[in-house]
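The values are calculated or read from the model by the stated rules, or taken from the named source; none is laboratory data. Remember, it's a predicted structure, so these values are computed and weren't measured experimentally. We place every Cβ from the backbone using ideal geometry, glycine too, and count neighbours over all the protein chains shown.
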Amino acid sequence: MGLYRFLRELHRVGHVTVGTSHGKRGQIAYVAACTAEDCGWSVEYEESSGAMAAAHGHRCRVR
């Protein structure tokens, strides 16, 4: 599944995209995912502030 198929309300922070998706239990979750080709980093939070903080703190080793 592509990154843009499940994320809504996209925000970009450098190479990281932050948006909302459905979490593991069907609730709304906030996801931060790196868009670098071979990075594969992503995290899921219950609050948007956590996802934004993770996006600002991510240091991609691929780029």
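Scanning the range 4-22 for residues that are farther than 19 Å from GLU37 by Cβ and in contact with a Gly (Cβ under 8 Å, 6 or more places away or on another chain), we see that the one that is modelled with the lowest pLDDT is GLU9.
Pairs only if they're at least six apart or on different chains, beta carbon under 7 angstrom, first in the range 10-24 and under 17 Å from VAL62 (Cβ atoms), second at pLDDT 90 or above and exposed (fewer than 14 other Cβ atoms within 10 Å of the Cβ); list them, first residue then second. Listed by first residue and then by second, the contacts come to VAL13/HIS56.
Take the range 47-63 and flag every residue that is part of a loop (DSSP other than H, G, I, E, B) and either modelled with pLDDT of 90 or more or under 13 Å from VAL13 (Cα atoms) (or both). Result: GLU47, HIS58, ARG59, CYS60.
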